Amino acid sequence: MESQNRIWTTFRKKPMALVGMGMLAVALIMALFAPLLAPYDPNERVDVVPSDILAPPGEGHLLGRDDAGKDVLSSLIYGARVSLIVGFVSSFFSMFIGTTVGLTAGYYGGRVSNALMRFTDFLMVIPDLPLMLVIISVWGRGLWKIILVISILYWTYTARLVRSQVLSIKERQFVLRARALGASNYRIIVRHILPQVMPLIIAQAVLDISSSIIAESTLSFLGLGDPTLISWGMMLNFAFERAISRKAWWFLLPPGIAIVWVSLAIILIGNALEEIVNPRLKTHHLFNPRNMISLMLAKPLLVESESPPEVTP
Amino acid sequence: MEKIPILRIEDLYKQFPVTRKFIDRIKRSPKQVVHAVDGVSFTVAQGEILALVGESGSGKTTVGMNVLGLQVPTKGRILFDGHDVSDWATGRLRSGKNGDGLGRLSRRKQILSLRRRAQMVFQDPYESLNPRQTIWEIVVEPLEIHNLGLRANEKEARVRAALEDCGLAPADHFWSRYPDELSGGQRQRVVVAGALVLEPELLVADEPVSMLDVSIRADILTLLQSLRKARDITIIYTTHDLATAGYFTDRMAVMYLGRVVELGPTVEVLKEPRHPYTQALVSVAPVPNPRKRRQRVILQGEVPNPIDIPSGCRFHPRCPIATDECKKTDPPYVEISAEHEAACLKI
Ligand SMILES: Nc1ncnc2c1ncn2[C@@H]1O[C@H](COP(=O)(O)OP(=O)(O)OP(=O)(O)O)[C@@H](O)[C@H]1O
Ligand SMILES: [Mg+2]
């Protein structure tokens, strides 16, 4: 589509966006080709001698060994898989839920809309992290459970964003024209409203990827990650519990840097996209103290552009 | 021309609630409404072009929206081909009066049958096309919605004919483009083409040229006129510009603050306006054929707020010849000739 080409052309001209793409590409390659890139298989049982435990970087182990004598670099490479899967899948789910709720509430209005939005507000004001901790401790640990918990808590911003956009788009004359032609509600939503909101939804979904990755890392760091998979958060957890006293920086730093690396990459891309599709927005998330804080608290990034003026039908 | 009324508007009222300020709600001041249309009646004959003339805010668009069933009248009713439009537009017609069996159709089919027969061209060609659809998608969409069972080549022929009838020839040259690659005049042609692919019987053209350059206005109006000839289509043309209305319409209804104040054959109304409001409009309009030189009448004051319609004759605060009586009595229509009437006590 023509406007997508335009977005892409503008996007390519933003240096920060390209840096972000490059950084994300590194992580993607790590995740996709983990078995080829990793020098060892982290799931393999290894027989260790005491000197292997937390051995510093050296021959054959570029980033040294962890508390179980395993290669840190290999775990780091495999850990990219969990982060990216959780990031992309949760963000896709929350995009889906948020878009559906936002479209329904915005287009149909009335009581259903009010109820939906009250519920959204309710979810928005509850602090996410404690709630996630509670749900996971009750429900149990597992990759899919983490993905679902994050998706269920992180769709609210998208829903608000979509709803406010729909409220103004549905008053536009081409929607009225479609109605005058006899178009069904379904057709109006899918053909005339959704395409206008889609760029914003995508930009928001990209930003959600990084929030989800941070959320997963936080859960794993707090010991609630999937016990069968290596993730960066879990590596941090082990490093904090067992390696800090031994000053094994090679075990602590790499997963931390990896988490920052991927989140930063995605935020750079997401910001560029958002600036393109929503030009009224000039503040840069990273340099906005509120978002720095929310980033640290693993909350979804709040976008500064509060919706266009709401039009009540 | 045969005079079968295809459209009959009977005492139409349309009010919109005014959103009250918080302070007014606390003070419990009474709820207010905008009287957008305030008692309008007229009929339109098959194949006729009627001009609905009035200043901004006089209620022209609202009349058009109600005619198409896109809004529900507060009071009164509109009959299109003998059926109540607001029932028709929601698929609630009961057994057909004309024996056309419309009432037996499912709701969705009823709605589609109305939409197919009556179409609207909206005021702003920059707003009424979806910026993310190509011209082809825009013009073929009505055919898809109505699922007329056309084969691909028939669809293409219909779209091509609609575009070329509207002066966008050759059609292939335009249909892969997006609206923002076209000029305002071309867009309005696309809008008209999109309304015409369904071959409707009634077209409400809501100020189709007010947003366009003067130089292309005549082209679009000529287009509407030729459509009437070619397709025997009935047109309600709304405008705030007497000159363009004089150009091609058969009859003219002059609206002021939600009410028709004068209605008659276009030529007669322009030549012999009887209502002081029409007289004022005519005196300042560049009418094509000003036989007599008239004195220009410049109206005093502003159009009153449609929330508070003046008592008596709604035009009295600005009327150059108003008397005390005009403040008290809402004037009835006075028949001037067989088809010409005006609502003024001073006639
Ligand atoms: N949906 C609505 N809600 C509230 N008020 C409305 C609505 N639609 C129209 N109005 C009001 O009703 C009055 C008549 O509006 P309408 O759009 O019919 O006028 P118009 O003659 O078409 O004017 P214009 O030349 O500006 O298009 C105006 O005062 C307008 O503000
Ligand atoms: Mg209007």
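What follows draws every value from the coordinates through simple rules; no lab data is involved. Since the model is a prediction, treat every value here as computed from it, not as a measurement. Reconstructed Cβ throughout: ideal geometry from the backbone, glycine too, with neighbour counts over all protein chains shown.
Brief remarks follow.
- Rg(Cα) / (2.2 N^0.38 Å) computed for segment A:1-114, rounded to two decimals: 1.67
- Size of charge dipole - segment A:2-284 - debye, nearest 20, with Cβ of Lys, Arg +1 and Asp, Glu -1, no other charges: 1560 debye
- Taking all Cα pairs closer than 8 Å and separated by 6 or more residues, the relative contact order of chain A comes to 25 percent.
- Cα-Cα pairs of segment A:90-147 separated by more than 17 Å (percent): 53 percent
- Legend: ranking of residues A:Met95, A:Met198 from fewest to most surrounding C-beta atoms inside 10 Å; resulting order A:Met198, A:Met95.
- Along segment A:58-65 the Karplus relation, 6.51 cos²θ - 1.76 cosθ + 1.60 evaluated at θ = phi - 60°, assigns HN-Hα couplings of x, 3, x, 9, 4, 10, x, 10 Hz to successive residues, with x for each Gly and Pro.
- Model label zone, B:Ala157; criterion: amide N under 18 Å from point 7 Å along Cα-to-beta-carbon; scope segment B:125-149: B:140, B:143-144, B:147-149
- Since only B:Met120, B:Ser183, B:Pro331 are under comparison, the one whose Cα sits farthest along the positive direction of the charge dipole of chain B, derived from C-beta charges on Lys, Arg, Asp and Glu, is B:Pro331.
- Label point 7 Å beyond Cα of B:Leu105 along Cβ direction - residues of segment B:191-227 with amide nitrogen under 17 Å: B:197-203
- Counted over all Cα-Cα pairs of chain B, pairs farther apart than 29 Å make up 44 percent.
- Overall Cα dimensions of segment A:2-284 - principal axes, largest extent first, Å: 79, 45, 31
- Secondary structure note: in the protein assembly as shown, about 60% of the DSSP beta bridges are antiparallel.
- A straight Cα-to-Cα reach below 20 Å connects A:Lys13 with the aspartates and glutamates A:Glu2, A:Glu274, A:Glu275, residues fewer than 8 places away in its own chain not being considered.
- Qualifying aspartates and glutamates (Cα of each under 12 Å from Cα of A:Lys70; at least 8 residues distant if same chain): A:Asp41, A:Glu44, A:Asp47, A:Asp52
- Pairwise Cα inverse-distance average, inverted: Kirkwood Rh of the protein assembly as shown (Å): 29.5 Å
- For chain B, the relative contact order is 18 percent, taking Cα pairs closer than 8 Å that sit 6 or more residues apart in sequence and dividing their mean separation by the residue count.
- Two tests apply to each whole DSSP H helix in chain B, Cα reach of 20 Å or more along its axis and mean Kyte-Doolittle hydropathy of at least -1.0, and the ones passing both are B:214-231.
- Footprinting exposure proxy for B:Arg274, B:Arg25, A:Arg141 (fewest neighbouring C-beta atoms within 10 Å first): B:Arg25, A:Arg141, B:Arg274
- Mean Kyte hydropathy of -1.0 or more with a Cα span along the axis of at least 24 Å, helices from DSSP in chain A: A:15-32, A:72-108, A:194-221, A:249-277
- Note on the protein assembly as shown: with charges restricted to the Cβ of Lys and Arg (+1) and Asp and Glu (-1), its dipole about the Cα centre is near 1360 debye.
- Loop trypsin sites (Lys or Arg not before Pro), segment A:9-110, which have at most 13 other Cβ atoms in a 10 Å radius of their Cβ (DSSP): A:Lys13, A:Arg45
- Share of alpha-carbon pairs per 5 Å distance bin for segment B:134-199, given as whole %: 4, 21, 34, 25, 12, 4, 1
- Each stretch of four or more DSSP H residues adds -39500 (n - 2.57); spread over every residue of chain B, this sum gives -9500 deg cm²/dmol at 222 nm.
- Legend: distances between Cα atoms for A:Lys170/B:Lys60; A:Lys170/B:Lys31; B:Lys75/B:Lys229; B:Lys21/B:Lys75; A:Lys14/A:Lys247; pairs beyond 30 Å are B:Lys75/B:Lys229; A:Lys14/A:Lys247.
- Farthest towards the positive end of the charge dipole of the protein assembly as shown, among the residues B:Val254, B:Ile216, A:Val262, is the Cα of B:Val254, using unit charges on the Cβ of Lys, Arg, Asp and Glu.
- For the options B:Tyr237, B:Tyr178, B:Tyr13, a Gaussian network treatment of chain B with springs between C-alpha atoms closer than 10 Å singles out B:Tyr178 as fluctuating the most.
- Of A:Asp208, A:Asp41, A:Asp226, the residue with the greatest mean-square motion in the GNM of chain A, using alpha carbon springs below 10 Å, is A:Asp41.
- Exposure proxy shown here: for A:Arg172, B:Arg187, the number of other Cβ atoms within 10 Å sets the order, fewest to most, as A:Arg172, B:Arg187.
- Local electrostatic count, A:Ala239, Cβ distance below 9 Å [Lys/Arg +1, Asp/Glu -1]: -2
- Look at the stretch A:167-180: the mean tally of other chain Cβ atoms within 10 Å of its residues' Cβ atoms is 6.
- Here the simple spin-label model places points 7 Å from the Cα toward Cβ, and for B:Glu10 and B:Ile216 these points are separated by 4.2 nm.
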